[in-house]
1. Quick check: from the Cα gyration tensor, does the chain come out rounded (a/c under 1.5), prolate or oblate?
2. Pop the C-beta distance of residue 313 and residue 155 into the FRET formula with R0 = 22 Å and round what comes out to the nearest 0.05.
3. Shape verdict for the range 29-115, please, from the Cα gyration tensor: rounded (a/c under 1.5), prolate (a/b greater than b/c) or oblate.
4. Going by average Cβ neighbours within 10 Å, how do the peptides 294-302, 102-110, 145-153 rank, with the highest at the top?
5. Taking neighbour counts of Cβ atoms within 10 Å as a proxy for exposure, in what order, fewest first, do 157, 201 appear?
6. Given a cut-off of under 8 Å on Cα pairs at least six residues apart, what relative contact order in percent is computed for the range 30-86?
7. Please compute the length gained on full extension between residue 340 and residue 232, using 0.36 nm multiplied by the number of residues separating them and subtracting their Cα-Cα distance.
8. Pick from 242, 348, 321: which is most flexible by mean-square fluctuation in a GNM of the chain where alpha carbon atoms under 10 Å apart are linked?
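No value in this document is a laboratory result; all are computed from the given coordinates. A quick note: this is a predicted structure, and the numbers were derived from the prediction, not measured. All Cβ positions, glycine included, derive from the backbone under ideal geometry; neighbour counts span all protein chains shown.
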Ligand code: AMP
C-alpha cells in the first residue's frame with residue numbers, strides 16, 4: 001500500500017504534483033534545499049537539504065513508499081543510491097541517465113528510428129571542425145548536462161564563434177546541433193505505467209521567448225495526421241525508455257512537415273500545466289496514478305486552452321493586475337509562492353479556457369490578459 005510519496009525537488013512542478021496527490025489521499029514529503037520551497041509550502045513535510053545530500057536522500061527513501069523527482073538535473077547517484085537500498089523510485093535511474101544528458105538522449109532517439117536535428121558530440125576543437133563540416137552553420141552549442149530554460153546554450157553562426165564558446169565552456173562536454181528553422185514547436189505529454197499502458201494528451205503548440213516557454217496552445221493548430229504522428233512517436237519513446245510516470249517529448253515541426261525530437265523530459269512539463277484546468281485528469285494526477293500502480297485515466301480535454309507563463313521581470317516582487325486578470329471568468333491563475341520575482345523566473349501561469357477554437361482572436365485575448373500583469377517593488 002502506498003501512503004507516502006517522496007519528491008526530490010520542491011519547485012513549481014513538485015508543488016503542483018503535491019496539490020494533485022493530496023485529494024487522492026496521499027502524504028507528500030519534498031526534499032529541497034530552500035526552506036518553505038513552493039512544493040514544501042503545500043506538502044505534508046519538507047526535508048531541507050541539497051539534492052546530493054545522501055543522508056537526506058536516504059531519509060526521504062525511508063519515509064516514503066515511492067520516490068519521484070520533479071526535474072532531471074539531479075545527481076543520478078542520489079537515485080541510484082535509493083534503488084540500491086531497495087527503495088522504489090519512478091522513473092528509474094536508467095531513464096534519468098538517458099534523459100539528463102542531451103547526447104545520450106539524442107542517440108537514444110536516433111536508435112529508436114525517430115528523427116532529431118543533426119547533432120555531434122563536442123569535446124575538442126577537432127570535434128568542432130568535423131561538426132562544422134558535416135552539419136554546417138548556424139547551429140546551437142549546448143552543455144550536454146545541466147542546462148534548462150535556454151541556460152547553457154549558445155547560438156553560433158561560424159567556426160570562430162563556436163571556438164569561443166568551446167573555450168568559455170571549459171571542460172564541460174557539449175553537443176552541437178544544427179539550428180532548425182521550424183514552423184512550430186510542439187510537445188506531447190504522455191504517461192506510461194509499469195504494465196506498459198500509455199496515454200497521450202493532445203499535442204501542444206509552444207511559443208518560447210529567450211529559450212523559456214512563454215505560451216502553450218492546445219490543441220496545436222496542425223493537421224490531424226501530424227498530431228497522430230507526434231503522439232505515436234511520444235508513445236514509442238516512452239515504451240522504449242521503459243519509463244513509469246508522466247513525461248514530455250518536445251518536437252520541432254519543419255515546413256516539410258517533418259517532426260524532429262528536440263528533447264524528452266522524464267517528468268510533468270511546463271507545457272502540460274493546462275491539463276490541471278482543461279482535462280479530466282491532470283498530468284500530475286496521471287503521474288501519481290502511474291507511480292502508485294493505479295489505473296491511468298483517459299486524457300479527456302474539456303475545452304481548448306491557452307496557457308501563459310508569468311515570469312519575473314526583475315522590477316520587484318509584488319504582482320499587480322491580478323484582479324483585472326481574474327475579472328475574466330475563463331482564466332484560472334496559478335501562482336507558485338516564490339518570494340523573489342527575479343528576471344525570467346517562473347513565478348506562475350494562467351490557463352485561459354476557451355469556448356471556441358484557438359484562433360488569432362483568442363490568442364490576442366490571452367496576450368492582452370497577460371499584459372495586465374506587472375511586477376513592482
Ligand atoms: P531546449 O533547452 O533544448 O529545449 O531549448 C530551448 C529552446 O531553444 C527550444 O524550445 C527552441 O526554441 C530553441 N532551440 C533549442 N535547440 C534548437 C535547435 N537545434 N534549433 C532551433 N531552435 C532550438
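1. Note, shape of the chain comes out rounded.
2. Efficiency at R0 = 22 Å is approximately 0.40.
3. prolate
4. The peptides rank, most packed first, as 102-110, 145-153, 294-302.
5. Arranged by neighbour count, lowest to highest, 157, 201 become 157, 201.
6. Contact order relative to length: 29 percent.
7. Fully extending the segment from residue 340 to residue 232 adds 34.9 nm.
8. Most flexible of the set in this elastic network: 321.
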